[in-house]
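Asker: The following block contains the structure, expressed as structure tokens.
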Amino acid sequence: MQLNEHVIEVTDLRRVYGGGFEAVRGVSFSARRGEVFALLGTNGAGKTSTVELLEGLAVPSGGQVRIFGRDPYTERAAVRPRTGVMLQEGGFPSDLTVRETARMWAGSVSGARPPQEVLPLVGLAGKDDVRVKQLSGGERRRLDLALALLGDPEVLFLDEPTTGLDAEGRRDTWRLVRALRDNGTTVLLTTHYLEEAESLADRLAIMHKGRIAATGTPAEVTAAQPSRITFELPTGYFPGDLPPLDELGVTGHELDGRTVRLHTRELQRAATRLLVWAERTGVELKGLDVRSASLEEAFLGIAREASAHDLPEQGKNTTTGKEYAA
């Protein structure tokens with residue numbers, strides 16, 4: 001398998017539930033070998049419905065999914081041994097120990113790695129004889145991840161993998177995901193932690209009401225949203241004393257008392273001209289804060305825009321301007 005080969009290919013995917021509710025409404029994306037792809041969205045956006053189709057748990061109502069070029073539902077026997085799945089909740093027997101649970105799961109996995117090799121990777125070394133019911137919520141998530149890794153998967157589906165983990169556990173999981181990616185594993189990740197997506201994802205897609213509202217690298221998605229410059233007006237100065245906003249490349253502004261917030265898609269130009277003006281005028285811009293949009297801001301902005309415009313079946317990719325099949 002080539003490094004840049006698309007191992008996950010989703011084309012115009014649709015899923016309709018009983019009663020006619022269309023949860024997935026024509027989604028298309030792909031993920032390459034050795035890539036972390038994050039699928040983001042608000043509650044009810046269709047993420048879980050999409051991932052279940054990728055995992056081969058249901059038949060699409062339209063479109064298609066290909067994992068390694070195969071249908072994960074009709075060709076499950078060929079696809080499943082090469083994938084690992086971490087669900088939001090494992091639901092394992094509470095009276096079994098960690099070791100017993102891992103051995104039980106290994107019995108259902110083709111070419112399973114020894115549990116004693118995998119458990120330390122997720123921070124469960126020394127927990128072999130602890131019963132599942134005695135584990136903390138974070139430790140149960142670690143166990144879920146360990147079982148997903150038993151088959152040494154080429155494609156790994158992680159559904160909210162760090163929910164319930166403390167800060168240290170979350171960082172440990174991030175390091176493990178990066179190591180898996182570097183070794184050629186393709187990881188499809190869903191998460192409500194936007195910092196997690198920004199840190200881990202090579203590319204991502206933001207879903208809204210069953211469609212893809214934006215896709216690209218984290219940098220591309222955030223670049224599509226305005227950056228901001230915040231400062232306090234110098235004493236004796238008013239907004240009209242600033243350089244013309246169009247010269248600064250400013251697309252919008254807010255005034256809260258003496259605090260000015262400028263929005264711009266040309267951050268370097270705006271910041272440079274504002275500082276030159278301050279230098280020439282001999283004033284200090286107190287509380288000056290210059291920053292690009294965060295993924296969280298981009299996510300919220302895209303959700304607002306999508307809701308306002310009720311995305312059409314065909315539209316523009318908000319990050320690149322290219323056509324996409326929504």
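Asker: Note down the accessible area of V59, probe 1.4 Å, to the nearest 10 Å².
Answerer: My reading of the accessible area for V59 is about 90 Å².
Asker: Taking Rg/Rh (Cα atoms, Kirkwood Rh) straight from the coordinates, which label in (i) 0.97; (ii) 1.07; (iii) 0.93 is the correct one?
Answerer: Identified label for the calculated read-out: (ii).
Asker: With all protein chains present and a 1.4 Å probe, how do H192, H208, H6 order by accessible area, largest first? Provide the component values of the computation, followed by the final result.
Answerer: On the way: H192 100, H208 20, H6 70 Å².
My answer, sorted largest first, is H192, H6, H208.
Asker: Right, here's the next one. What are the ³J(HN,Hα) values, in whole Hz, obtained from phi via the Karplus relation 6.51 cos²θ - 1.76 cosθ + 1.60 with θ = phi - 60°, for each residue of the range 19-25 in sequence order, with x given for Gly and Pro?
Answerer: Using θ = phi - 60°, the values come out as x, x, 6, 9, 7, 10, 10 Hz.
Asker: Let me ask something else. What number, in percent, do you get for the relative contact order of the range 1-107 if the mean sequence gap of Cα pairs under 8 Å and at least 6 apart is divided by its residue count?
Answerer: Normalised by residue count, the contact order of the range 1-107 is 25 percent.
Asker: Can you give the helix-only mean residue ellipticity at 222 nm for the chain, where every DSSP H stretch with n ≥ 4 adds -39500 (n - 2.57) and the sum goes over all residues, rounded to the nearest 500 deg cm²/dmol?
Answerer: -9000 deg cm²/dmol
Asker: Just order 50-58, 173-181 by mean Cβ neighbour count inside 10 Å, highest at the front, would you?
Answerer: 50-58, 173-181
Asker: Given H placed on each backbone N at 1.01 Å, which residues far from L13 in sequence or on other chains put an amide H within less than 5 Å of it?
Answerer: The answer is G26, V27, S28, Q64.
Asker: Determine the gain in length on full extension of the stretch E232-T11; use 0.36 nm per residue of separation and subtract their C-alpha separation, reporting nm with one decimal.
Answerer: Values: separation 221, 0.36 × 221 = 79.56 nm, distance 4.97 nm.
Going from the current span to full extension adds 74.6 nm.
Asker: Still on this structure, I have one more. Which aspartates and glutamates have a Cα less than 15 Å from the Cα of K127, not counting those fewer than 8 places away in the same chain?
Answerer: Within the straight-line cut-off, K127 pairs with D95, E100, E117, E139, D144.
Asker: On a full-extension model of 0.36 nm per residue, what is the gain between S108 and T259, subtracting their alpha-carbon distance, rounded to one decimal in nm?
Answerer: Here the segment from S108 to T259 would lengthen by 48.2 nm.
Asker: Take every Cα pair under 8 Å in the chain that's 6+ residues apart, average their separations, divide by the length, and report that relative contact order as a whole percent.
Answerer: 19
Asker: Straight-line reach from K47: which aspartates and glutamates fall under 14 Å, measuring Cα to Cα and dropping same-chain residues less than 8 apart?
Answerer: List returned: E22, E55, D159, E160.
Asker: Can you tell me which aspartates and glutamates have their Cα less than 12 Å from the Cα of K286? Leave out same-chain residues fewer than eight positions away.
Answerer: E232
The values are calculated or read from the model by the stated rules, or taken from the named source; none is laboratory data. Nothing here was measured: the structure is a model prediction, and the numbers come from that model. Note that each Cβ is placed from the backbone with ideal geometry, even for glycine, and that neighbours are counted across all protein chains shown. To get the accessible areas, we keep the full protein, side chains included, count just its heavy atoms, and leave off ligands, DNA and RNA. Shrake-Rupley method; radii C 1.70, N 1.55, O 1.52, S 1.80 Å.
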